[in-house]
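The next block holds one structure in the form of structure tokens; read it before the comments.
The values are calculated or read from the model by the stated rules, or taken from the named source; none is laboratory data. All figures in this text were calculated on a predicted structure; none of them were measured in a lab. In this analysis, Cβ positions are derived from the backbone assuming ideal geometry, glycine residues included, and neighbour counts consider all displayed protein chains. Just the protein is used for accessible areas: all its heavy atoms, side chains included, with ligands, DNA and RNA removed. Shrake-Rupley method; radii C 1.70, N 1.55, O 1.52, S 1.80 Å.
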Amino acid sequence: MEKAFLKIILCSLLLNHVAAFSASRDFDFFYFVQQWPGSYCDTSKSCCYPTTGKPAADFGIHGLWPNYNDGSYPSNCDPSHPFNPSEIADLKRSMQRNWPTLACPSADGTQFWSHEWSKHGTCSESVLDQHSYFEAALSLREKTNLLQALESAGIKPDGNSYSLGSIKDAIKESTGHTPYIQCNTDESGNSQLYQVYICVDSSGSELIDCPVFPRGKCSSEIEFPSF
């Protein structure tokens with residue numbers, strides 16, 4: 001009896017250890033991704049303004065994405081916990097300003113946020129519930145303030161071209177960390193500043209140096225279109 005009881009205890013401890021290890025491997029860090037609306041819209045595909053009206057000429061949130069240090073990432077981790085608008089009712093107005101949808105047809109953002117939560121947010125549930133997830137992203141946008149960082153370095157959304165290096169340097173000077181810059185192309189095929197990736201620790205609160213950057217390259221000179 002005593003041996004059997006001891007075996008049960010040892011098995012329980014082992015299972016707890018495995019569970020703790022698994023939880024710690026949910027993900028290693030976040031990519032916090034912001035996009036420039038002028039570049040989203042200045043393509044052959046174009047865009048549609050949200051039903052709340054044209055967003056401000058500023059970087060908008062695309063998402064807060066859990067990632068692994070090897071460059072892979074988890075996705076769609078908890079289908080049993082879908083997006084619930086009532087859980088973020090107090091954040092809705094701020095999200096409409098700072099996390100606007102530009103997809104067609106025009107919408108109020110709910111579908112966009114639902115997608116981001118289902119694909120990415122559910123993979124961070126070990127540290128952030130639904131409200132905390134969106135609140136963390138809003139806080140990170142305020143902390144990074146990309147447009148101010150660029151304009152302070154003389155880089156403005158005026159349709160002119162700027163060196164990729166100067167854009168990275170301006171953001172690093174402001175945030176303390178080197179960003180990853182993603183480009184897209186306008187209707188004429190010109191490379192333009194599209195998205196900025198900044199890395200965040202697994203708590204979703206502190207900026208960190210990126211363990212790994214996404215693949216893809218921009219031209220050495222890229223446009224910063226107006227919006």
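Just name the residue that is least open to solvent (accessible area, probe 1.4 Å) out of those in region 26-49 that are assigned to a loop (DSSP other than H, G, I, E, B) and under 20 Å from residue 135 (Cβ atoms). Per the criteria, the residue is 27.
Contact map, region 127-147: first residue part of a helix (DSSP H, G or I), second residue hydroxyl-bearing (Ser, Thr, Tyr), Cβ cut-off under 7 Å, separation 6 or more or different chains; pairs are 133/124; 136/205; 138/94; 144/175. Report yes if some residue within region 70-87 is under 30 Å from residue 173 (Cα atoms) and touching a strand residue (DSSP E or B) at 6+ places or on another chain (Cβ under 9 Å); otherwise report no. Checking region 70-87: at least one residue is under 30 Å from residue 173 (Cα atoms) and touching a strand residue (DSSP E or B) at 6+ places or on another chain (Cβ under 9 Å). Each residue in region 22-67 was checked for being closer than 22 Å to residue 118 by Cα and of a type in the set (A, V, I, L, M, F, W, C), and 9 of them qualify. Among the residues of region 58-88, those that are in contact with a Leu (Cβ under 8 Å, 6 or more places away or on another chain) and either open to solvent by 20 Å² or more (accessible area, probe 1.4 Å) or not in a strand (DSSP E or B) (or both) comprise 58, 59.
Residues of region 155-177 that are outside any helix (DSSP H, G or I) and either in contact (Cβ under 8 Å) with a residue 40 or more places away in the chain or surrounded by 13 or more Cβ atoms within 10 Å (Cβ to Cβ) (or both): 155, 156, 157, 158, 159, 160, 161, 162, 163, 177. Number of residues in region 195-206 that are open to solvent by 30 Å² or more (accessible area, probe 1.4 Å) and in contact (Cβ under 8 Å) with a residue 12 or more places away in the chain: the value is 4. Could you go through region 102-115 and let me know if any residue there is closer than 21 Å to residue 224 by Cα and not acidic (Asp, Glu). There is at least one residue in region 102-115 that is closer than 21 Å to residue 224 by Cα and not acidic (Asp, Glu). One residue stands out in region 134-154 among those that are over 17 Å from residue 32 (Cβ atoms) and not polar (S, T, N, Q): the one that is most open to solvent (accessible area, probe 1.4 Å), namely 151.
Evaluating residue 44 against the criteria (1) at pLDDT 90 or above; (2) touching an Asp or Glu at 6+ places or on another chain (Cβ under 8 Å) leaves one unmet condition, (1). In region 21-38, the residues that are at pLDDT below 95 form Cβ pairs under 8 Å with partners that are assigned to a helix (DSSP H, G or I), at six or more places apart or across chains, as follows: 26/123; 26/124.
Take the residues in region 91-114 that are outside any loop (DSSP other than H, G, I, E, B) and either free of Cβ contacts under 8 Å to residues at least 24 places away in the same chain or β-branched (Val, Ile, Thr) (or both); name whichever of them is surrounded by the fewest Cβ atoms within 10 Å (Cβ to Cβ). The extreme case among them is 93. Of the residues making up region 115-126, just one is part of a loop (DSSP other than H, G, I, E, B) and of a type in the set (Gly, Ala, Ser), namely 126.
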